[in-house]
1. Kindly write out, for region 8-21 in residue order, the coupling ³J(HN,Hα) from the Karplus curve 6.51 cos²θ - 1.76 cosθ + 1.60 (θ = phi - 60°), rounded to whole Hz, with x marking Gly and Pro.
2. Nearest 5 is fine: what % of DSSP beta bridges in the chain come out antiparallel, could you say?
3. Using unit Cβ charges (K, R positive; D, E negative) and no other charged atoms, how large, in debye to the nearest 20, is the dipole of region 1-62 about its Cα centre?
4. Quick query: amide H of Thr83 versus all other amide H atoms, modeled in the peptide plane; which residues come in under 5 Å with a sequence gap of 5 or more or a different chain?
5. Run the reach check for Lys81 against lysines, Cα to Cα strictly under 16 Å, same-chain hits fewer than 8 apart removed. What comes back?
6. Lysines within cross-link reach of Lys138: Cα-Cα under 30 Å, excluding same-chain residues under 8 positions apart?
7. Over the chain, average the accessible area per residue using a 1.4 Å probe and give it in Å², no decimals.
8. Name the long-range amide H neighbours of Val132: under 5 Å, sequence gap of 5 or more, or other chain; modelled H, no Pro or chain starts.
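The values are calculated or read from the model by the stated rules, or taken from the named source; none is laboratory data. Source: prediction; values computed, not measured. Because the Cβ atoms are built from the backbone with ideal geometry, glycine has one as well, and the counts that use them run over all protein chains shown. For the accessible areas, the whole protein counts, side chains as well, though only heavy atoms, and no ligand, DNA or RNA atoms are used. Shrake-Rupley method; radii C 1.70, N 1.55, O 1.52, S 1.80 Å.
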Amino acid sequence: MSRIFLFADEAGCFNFSKAQNVSRYYIVCTAILPDCSIGIKLQELRRDLAWQGAPLGDYFHATTDRQEVRNAVFDVLANEKFTIQATMMEKSKAIPKVRVTEDRFYKIGWHFHFQNSSDAYLKAANEIMITVASIGTKKKRIAFEDSVRDVVKQKIRSDSWRVAFWPANTDPCLQIADYCTWAIQRKWESGGKDTRSYELIRDKITYEFDLWKHGDKHYY
């Protein structure tokens, strides 16, 4: 029986206003892996980088890693077989009832992402293990987790799936999702001007969709 592994992360904030350091987009991103052997390679990379005296944090995290570390991580990712899917939500186009609460907005993103990007890999396996990077306070995490489970339950009618919510530092494969999400975010938030990291993973992206591309009304 075949099993595939989906690792998910997000980028952006829940601040719905035009202000400094507020993201334009909220992004849901997934990485689909046939197995988790790449996680072992990332652990080996950390040991190699530590031996070389590279400036490492507690785990690979694209936002805070130094460029030399990012380069090394992307070098590993470039030689591995996995696919990436991303859904972009331009927050100013979200109608008020969609963003009435953070967990509702989060669930909308997951609903459309999973609905539109999942058919190909759901048909390719008998089982799917979904691991999502946990975010927010304990109370918020519960709401977010319930949202994802509800979305997956609607899409996958059988008992062939499991969902786990772990901090990104607990699984190197979640750090793959982090790096891919960050690269895609840099492209979209810059209006296509910062694509240095995006180009390194472009060939792995099978789905990249601007959810409200055709909307022309902005609510703030």
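1. So the Karplus estimates, Gly and Pro as x, are 10, 9, 9, 9, x, 10, 9, 8, 9, 7, 9, 8, 5, 6 Hz.
2. Values: 15 of 32 bridges.
Bridges in the chain that DSSP calls antiparallel: roughly 45 percent.
3. Values: 6 positive and 6 negative charges, 34 e Å.
Magnitude of the dipole: close to 160 debye.
4. Distant-sequence amide H within range of Thr83: Ile32.
5. Partners found: Lys41, Lys204.
6. Within the straight-line cut-off, Lys138 pairs with Lys18, Lys91, Lys93, Lys97, Lys107, Lys153, Lys155.
7. On the way: 11450 Å² over 220 residues.
That works out to 52 Å² per residue.
8. Amide H neighbours of Val132: Ala8, Ala164, Phe165, Trp166.
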